[in-house]
1. Place the peptides 174-185, 266-277, 295-306, 223-234 in order of packing, highest mean first, counting for every residue the other Cβ atoms within 10 Å and averaging per peptide.
2. Any chance you could run the full-extension gain for Asp96 through Ser287? It's 0.36 nm times the residue separation minus the Cα-Cα distance, nm to one decimal.
3. Which values of log₁₀ I(q)/I(0), to two decimal places, follow from the Debye formula for the chain at q = 0.10 Å⁻¹ with a uniform point scatterer at every Cα?
4. 5 Å is the cut-off here: which amide hydrogens, built 1.01 Å from N in the peptide plane, fall below it relative to Ile89, excluding neighbours closer than 5 in sequence?
5. Any idea what log10 I(q)/I(0) is at q = 0.13, 0.18, 0.19, 0.22 Å⁻¹ for region 67-172, Debye with uniform C-alpha scatterers and no solvent?
6. Out of residues 5 or more away from Val164 or on other chains, whose amide H comes under 5 Å of its own, with H placed 1.01 Å from N in the peptide plane?
7. Provide the net charge surrounding Lys136, with neighbours chosen by a C-beta distance below 12 Å and charges set as Lys +1, Arg +1, Asp -1, Glu -1.
8. Report the Stokes-Einstein translational diffusion coefficient (µm² s⁻¹, integer) for region 1-145, Rh taken as the Kirkwood radius over Cα pairs, at 25 °C with viscosity 0.890 mPa s.
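The values are calculated or read from the model by the stated rules, or taken from the named source; none is laboratory data. In this text the structure is predicted, and so the values were computed from the model without any measurement. Using ideal geometry, Cβ is built from the backbone for each residue, glycine included, and neighbour counts are taken over all protein chains shown. Quick note on the areas: whole protein, heavy atoms, side chains included, nothing else; ligands and nucleic acids left out. Shrake-Rupley method; radii C 1.70, N 1.55, O 1.52, S 1.80 Å.
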Amino acid sequence: MSASDQLKSDIDELVPDMVALRRDLHEHPELAFEEVRTSGIVAQRLRSLGLQVQAGVAKTGVVGLLHGGASQAGAKTIAIRADMDALPIHELNEIDYRSTVDGKMHACGHDGHTSIALAVAAILSKRQAELTGNVKFIFQPAEEGRGGAKLMAKEGVMEGVDGVIGLHLMSNYALGRVGVRAGAVFASADGFVLSVKGKGGHAAMPHSAVDPIVISAYMITALQTLISRESSPFSPAVITITTIQGGIAFNIIPETVELQGTVRAFSQEDRETLLRRVSEIANGIASAMGGSCDVQTLHGPLACVNDASMTQLVHEAAVASVGERNVESSEEVMTTSSDDMAYFLKAVPGCYFIVGAHNEQKGANYPHHHPRFNIDEDAMPTAVEVLARAAMGFLK
Ligand SMILES: [Zn+2]
Ligand SMILES: [Zn+2]
């Protein structure tokens with residue numbers, strides 16, 4: 001049997017356990033920094049594979065180090081990253097491994113990621129003797145908006161790491177396909193709060209008040225011109241206003257209105273420019289109309305930017321796994337959602353890629369973060385194969 005066939009058959013053997021574990025994690029979702037049960041399972045499995053395990057990293061994160069048996073002085077280390085957290089969503093799927101916790105659900109596929117990375121650990125530990133470098137498995141907590149990766153990076157998990165790879169299963173991307181692309185692939189995600197201050201008064205006497213609702217209306221339309229008139233049509237970006245709160249009655253002009261929104265961009269330059277311009281436009285409009293505006297920026301993850309040579313490595317691994325025609329590197333691979341994998345990619349060269357898990361027949365056709373989100377588990381062995389091949393390729 002060739003090495004390639006051997007790898008595929010080793011993965012096939014692991015599939016029942018990998019799927020069972022993913023379903024177990026799905027039944028027991030844990031939110032950001034509460035992944036106690038999940039990380040316990042991860043640590044125990046990594047230990048039983050003979051890895052050197054460090055638990056309690058960034059509160060509930062786990063790191064497992066596999067020392068290559070054929071490593072020589074100066075051997076490289078590649079990191080493989082998986083996220084473990086669930087979301088505060090009440091699951092509406094009617095499946096026999098439905099979430100057992102009301103109001104919590106694995107609605108982004110991180111249960112799959114965790115199980116996939118553990119399968120890769122099993123595959124590579126079986127090949128430990130021949131590995132010419134080390135593999136560091138990073139199981140991070142709190143990807144969903146709570147900065148688990150940032151905290152792990154701060155606690156030093158990327159020290160001694162030469163490259164990092166990871167993947168996201170995608171319910172909106174066809175099963176069997178792998179998307180790998182150099183450059184920015186996931187957008188940055190910052191929030192902002194605009195507290196618009198006017199002067200309250202009687203609704204019938206607007207001339208003696210400063211109406212923050214009218215000011216807000218101008219702001220909302222003007223902010224959209226940052227995308228349509230100021231951003232280059234060749235560099236995508238998004239501004240969305242997501243909340244607007246103000247007023248209590250039909251006959252009162254309120255004193256204040258609060259707006260919230262988000263900015264998504266694919267370069268640090270666009271990100272900084274847009275956030276600065278949001279503030280300038282909000283302040284300018286408010287003051288032109290006799291009011292004022294306090295702008296608060298809520299910094300979220302930066303864009304995920306893939307390194308060219310790490311991308312090449314993953315591309316080759318993907319082609320070897322699913323064939324050239326199933327590997328894509330067009331703009332289809334990009335998404336305006338964010339992922340805090342960005343912090344690992346900022347620390348060392350890396351590649352974050354996507355694996356298609358969409359299958360309407362199996363009900364795996366709802367968007368991420370939807371109460372009926374699910375993945376086609378047939379995507380999991382593909383993900384394992386690409387990660388394992390890329391890691392071995394890196395260490396060669
Ligand atoms: Zn998510
Ligand atoms: Zn996710």
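1. My ranking of the peptides, most packed first, is 174-185, 295-306, 266-277, 223-234.
2. 63.0 nm
3. -0.69
4. Residues meeting the amide H criterion: Lys104, Met105.
5. The Debye formula, applied to the Cα set alone, gives -0.58, -0.93, -1.00, -1.18.
6. Ala79, Gly350, Cys351
7. Charge balance near Lys136 sits at 0.
8. 155 µm²/s
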